[in-house]
Amino acid sequence: MKQHHILITPGDGIGPEVMTEVKKIISFLNTEHLTNITITERPIGGAAYDIHGVPVTDETIDIARKADCVLLGAVGGPQWDGVEYSLRPEAGLLKIRKDLDLFANLRPAIVFDALIQASTLKPDIVQGLDILIVRELTGGVYFGQPRGIFDLPNGERQGINTQVYTTSEIRRVGRVAFELARKRQGHVTSCEKANVMESGKLWREEMTKLQMEYPDVRLSHMYADNCAMQLLKNPRQFDVIVTDNLFGDILSDEASMLTGSLGMLPSASLGACDQNGHQNALYEPVHGSAPDIAGQGKANPLAAILSFAMALRFSLDLPAIADHIEASTRTILDNGIRTGDIMAAGCRMVSTSEMGDTLITELKRTQKKAVE
Ligand code: IPM
Ligand code: MG
């Protein structure tokens, strides 16, 4: 069986707890000879800062590059609020994204039937919802130069960030969106602010040109503010949404809430394939480090586990095991197993580790069927 090597960076807050459950799933799969995965573990974010004085070390970046993929928990926490920007936990995440050139961030927002009541939107608006947000992740205003806080001659201070995109940056993320739409409903909605921003005008022009190479995919353009509104009004009009780094950050948080819980949503950040067919990739739950509940066994590990399922599909080429994990997740939710964030009347509340154990029990129960 093909051997795979994964770097696990648990990070801060609830990161280590949810990644413990992912490691349990991996050792179950290894024991059953369904996978042959070796793991290296390194700190990232505040955890790395406390040990090494930086939120990610060069050694970790080097391991990440060579690994089949990286599984990340979450970064950040109030104890590092006073640390300067370049050394903050978030800077570690931004650095690993940038150094590995992980330009395409895939954030699915799927409503599980069993969780429909957890959404703050009416069930008939969100039932069956299946949106994929493709967020550009290594460009735009989070990385553009110049940036900084500068003293002006008049004694004022000025904060500057620069929104900048080149044609190649737009086109490569656009391609990812069009390719994925082909395997889904065949509809891409491209979001920008072409009405007020040149970078948005360029974005729109390049997406329009690119669509000519994908005549089977329908392309709609939408201003990002309208998209924020349409996501609440009629979210099922969307299939794939492709957008820049900042709008994608915001719209993906909004889309995640349609589903009822941030604790359920996985993400993949992908780079380009090199000549040897190797593709850098990082998988992480969309939720943050949730310092308020860290260490209490309350966190929902399913987003991290579903992120691992995405890794099995996109990086390890083991889609059947990914399907099996996703189907088993659906079953245990149908059976009323819930962590606090998705708790509902008549369901059974479980801890982080009980959720992982329940999933493994279900994987075992259905394993024969899945393999046949
Ligand atoms: C996300 C987060 C990050 C981002 C932070 C933690 C740097 O909000 O992944 O959406 O802004 O990209
Ligand atoms: Mg965000």
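For the range 264-277, the criterion of a residue being among the aliphatic types (A, V, I, L, M), modelled with pLDDT of 95 or more, touching a Leu at 6+ places or on another chain (Cβ under 9 Å) and at negative phi is satisfied by at least one position. Answer yes if at least one residue in the range 347-368 is of a type in the set (A, V, I, L, M, F, W, C) and touching a Gly at 6+ places or on another chain (Cβ under 8 Å), and no otherwise. Checked the range 347-368: at least one residue is of a type in the set (A, V, I, L, M, F, W, C) and touching a Gly at 6+ places or on another chain (Cβ under 8 Å).
Hey, does the range 188-199 have a residue that's part of a strand (DSSP E or B), open to solvent by 50 Å² or more (accessible area, probe 1.4 Å) and of a type in the set (Ser, Thr, Tyr)? Steps first, please.
Within the range 188-199, the first condition is being part of a strand (DSSP E or B), and the residues that meet it are 188-192.
Retained after the next criterion (residues that are open to solvent by 50 Å² or more (accessible area, probe 1.4 Å)): none.
No, there is no match, as no residue in the range 188-199 is part of a strand (DSSP E or B), open to solvent by 50 Å² or more (accessible area, probe 1.4 Å) and of a type in the set (Ser, Thr, Tyr).
Restricting the search to helices (runs of 4 or more DSSP H) fully inside the range 6-117 and requiring at least 1 residues that are away from ligand 1 (no atom under 16 Å from the Cβ) and open to solvent by 40 Å² or more (accessible area, probe 1.4 Å) gives 15-31, 46-52, 58-66.
Applying the selection to the range 228-237, what residues are open to solvent by 10 Å² or more (accessible area, probe 1.4 Å) and either within 15 Å of ligand 1 (Cβ to nearest atom) or closer than 21 Å to Leu180 by Cα (or both)? It would help to see each step written out before you state the result.
Pass one, the range 228-237, residues open to solvent by 10 Å² or more (accessible area, probe 1.4 Å): 228-230, 232-234, 236-237.
Those that are open to solvent by 10 Å² or more (accessible area, probe 1.4 Å) and either within 15 Å of ligand 1 (Cβ to nearest atom) or closer than 21 Å to Leu180 by Cα (or both): Arg236, Gln237.
Consider the range 126-142. How many of its residues are open to solvent by 50 Å² or more (accessible area, probe 1.4 Å) and of a type in the set (Val, Ile, Thr)? Please lay out each step first, then the result.
Applying the first criterion (open to solvent by 50 Å² or more (accessible area, probe 1.4 Å)) to the range 126-142 yields 127-128, 130, 142.
Those left that are additionally of a type in the set (Val, Ile, Thr): none.
The number of residues fulfilling the criteria is 0.
For the range 143-159, filtered to residues that are surrounded by 10 or more Cβ atoms within 10 Å (Cβ to Cβ) and within 28 Å of the chain's Cα centre (by Cα), the residue that is farthest from ligand 1 (Cβ to nearest atom) is Gly148.
The values are calculated or read from the model by the stated rules, or taken from the named source; none is laboratory data. Bear in mind that the values here come from a model prediction, so they are computed numbers and not experimental data. No Cβ is skipped: glycine too gets one built from the backbone with ideal geometry, and neighbour counts run over all protein chains shown. Please note that ligands, DNA and RNA were not included when accessible areas were found on the heavy atoms of the full protein model with its side chains. Shrake-Rupley method; radii C 1.70, N 1.55, O 1.52, S 1.80 Å.
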